[in-house]
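The values are calculated or read from the model by the stated rules, or taken from the named source; none is laboratory data. Not measured: the values here are computed from a predicted model. Virtual Cβ from ideal backbone geometry, glycine too; neighbours counted across all protein chains shown.
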Amino acid sequence: MKITVIGTGFVGVVSAAVYASFGHTVVGLDIDEKKVASLIKGKVPFYEPGLEELLLEQQATGNLSFTTSYATAVANADIVIIAVGTPSTPEGKANLSYLYAATKSLSKYLKEGAIVVVKSTVPPGTLSGVDEILAKTATVGYELASVPEFLKEGTAVYDTLNPDRVVIGATKKHVFEILSELHRPLNTTVIKVSPESAQMAKYAANAYLATRITFINQIADLCEHNGSDVQEVITAIGPDKRVGGHYWYPGFGYGGSCFPKDVKELAYYSRTVGEGHNLFNKINELNSERIDRLLLNYAEKIGGWKGKHVAVLGLSFKPNTDDMREAPSTKVIPWLAENKATIVGFDPKAGDAAKTVVADSGLKVVTSIKEAVKDADVIIALIEWDEIVAFDYGATKLDKKQFFIDARNQFNPSIITKWGYEYLGVGRE
């Protein structure tokens, strides 16, 4: 098949490279000339393990190319996939302006029978808006579908090649058949639903995972008052098949490019249809206030943040990415700065990005953990990068009282204590 992927962000580039690896002819399209020029050279403008190698490999085969021209990219495409961003507005509504702008731009170049697929995360009913735009300009027949992505940053290439399922939202049999064939090499379950159900499924999946994180954070807060350990609680509830031992992450709350945005959008949508008195609005509220609450709690235990030298280890929102969208560090570091702490930060990949994202906080970014902790009164292991978890903090212990905040409960408290630190976890006394 001949495929065009509009949008060369995280989802777009990964999808384009993977579809090309199936033997299809794929064109990645973006109006950002610098981004396209970089991709043509095989350089991905963000860090994702394995992606750059796959990108170079598929460009070498001739299956994958990039352009800024809608005419070049769309005119011969059997399938046009829209994978542009849909960020939240301040009130939480999905901003569909990029989606609709791309739809308008591609409409006059469509070939007869082309399938326009929305892969962007959008509210149910969005295809009607896409159809309305296409109908004004397109001079040929076309089909519409929604195929949401369920990727995790840091493992996106693996996730795309080994998905739990592929969800196809469409209304016509032949569209289901063509899109099923496109995904046949994945050898996974293909779930065929309406476009609205496909779109709702994406929000439901992310909101549920965010709910698990919020729930275990609430349990962790209670553990702080009664001598129980949230990690032991997780071990105790996990064997129950109705609960499961996976995806329990007590800590500073959920972040990243998807969960905060999707929960806010679902909360906003619920309010517009008269269902606003619900779980999603409360989850958003609890997550938004969590970091302030934890830092105030830690302040009581360490004797206040003012004048403290603080090493913040892990600046991206999760390991194996340089993405800082809604990362805990973007809230923790400004909060510490306001409370008169001196802050040094380290991250294996996001150090350069941090210099821009939290530029006004006085953060000093260094290139090693050893340098970050050399004067620290407080070490905050904020993100569980392998390098951070495996580091020997016993070798860098100073001859003064030091606190070690384990923000993701990745460390053995007895070892940290043995090294001479005051250990502070989440949901652990």
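Looking for something at positive phi and of a type outside the set (S, T, N, Q) - is there at least one such residue anywhere in segment 15-38? Can you show your working first?
Step one: of segment 15-38, the residues at positive phi are 23.
Retained after the next criterion (residues that are of a type outside the set (S, T, N, Q)): 23.
Within segment 15-38, one or more residues are at positive phi and of a type outside the set (S, T, N, Q).
Among all residue pairs at least 6 apart or on different chains, which show Cβ distances below 6 Å where the first residue, located in segment 400-429, is under 15 Å from A390 (Cα atoms) and in contact (Cβ under 8 Å) with a residue 12 or more places away in the chain and the second is β-branched (V, I, T) and surrounded by fewer than 19 Cβ atoms within 10 Å (Cβ to Cβ)?
Qualifying pairs under 6 Å: Q410/V389.
With the structure loaded, tell me whether Y47 is assigned by TED's automatic domain parsing to the domain that holds K152, at pLDDT below 95 and under 23 Å from the mean Cα position of the chain (by Cα) or whether it fails that test.
Criteria met by Y47.
Within 25 Å of G303 (Cα to Cα) and more than 27 Å from the chain's Cα centre (by Cα) - does that describe any residue in segment 343-353? So that I can check it myself, show each step before the final result.
First, the residues of segment 343-353 that are within 25 Å of G303 (Cα to Cα): 343-346.
Narrowing further to those that are more than 27 Å from the chain's Cα centre (by Cα): none.
No, the conditions are met nowhere in segment 343-353.
Just the residues that are surrounded by 18 or more Cβ atoms within 10 Å (Cβ to Cβ), assigned to a helix (DSSP H, G or I) and over 18 Å from the mean Cα position of the chain (by Cα), please, taken from segment 168-199.
V175, I178, L179, L182, P195, A198
When you check A207 against the structure, is it surrounded by 14 or more Cβ atoms within 10 Å (Cβ to Cβ), part of a helix (DSSP H, G or I) and either among the basic types (K, R) or touching a strand residue (DSSP E or B) at 6+ places or on another chain (Cβ under 8 Å) (or both), yes or no?
When the stated conditions are applied, A207 does not pass them.
Could you tell me which residue of segment 366-381 is surrounded by the fewest Cβ atoms within 10 Å (Cβ to Cβ), considering only residues that are touching a helix residue (DSSP H, G or I) at 6+ places or on another chain (Cβ under 8 Å) and in contact (Cβ under 8 Å) with a residue 40 or more places away in the chain?
Going through the qualifying residues, I end up with D377.
Go through segment 402-429 and give me each residue that's under 27 Å from the mean Cα position of the chain (by Cα), among the polar types (S, T, N, Q) and surrounded by 19 or more Cβ atoms within 10 Å (Cβ to Cβ).
Scanning segment 402-429 gives a single hit, N409.
Only one of D399, D360 is surrounded by fewer than 14 Cβ atoms within 10 Å (Cβ to Cβ), out of contact with any helix residue (DSSP H, G or I) (no Cβ under 7 Å at 6 or more places or on another chain) and farther than 18 Å from P328 by Cα. Can you tell me which? I'd like the intermediate steps shown before the answer.
On the way: D360 fails: farther than 18 Å from P328 by Cα.
After ruling out the rest, the residue left standing is D399.
Among the candidates S69, S38, S105, S97, single out the residue that is surrounded by fewer than 20 Cβ atoms within 10 Å (Cβ to Cβ) and in contact with a Phe, Trp or Tyr (Cβ under 6 Å, 6 or more places away or on another chain).
Testing whether each residue is surrounded by fewer than 20 Cβ atoms within 10 Å (Cβ to Cβ) and in contact with a Phe, Trp or Tyr (Cβ under 6 Å, 6 or more places away or on another chain) leaves just S105.
Identify, please: which residue in segment 153-167 is closer than 24 Å to P123 by Cα and surrounded by 14 or more Cβ atoms within 10 Å (Cβ to Cβ) and is, among those, nearest to the chain's Cα centre (by Cα)?
Top of the filtered list is E153.
List the number of the failed condition for P148; all other conditions in (1) closer than 28 Å to Y47 by Cβ; (2) outside the structural domain of T68 (by TED's automatic domain parsing); (3) not hydroxyl-bearing (S, T, Y) hold.
(2)
Which of the residues belonging to segment 200-217 are in contact (Cβ under 8 Å) with a residue 40 or more places away in the chain and either assigned by TED's automatic domain parsing to the domain that holds V118 or charged (D, E, K, R) (or both)?
Hit for segment 200-217 is K202, nothing else.
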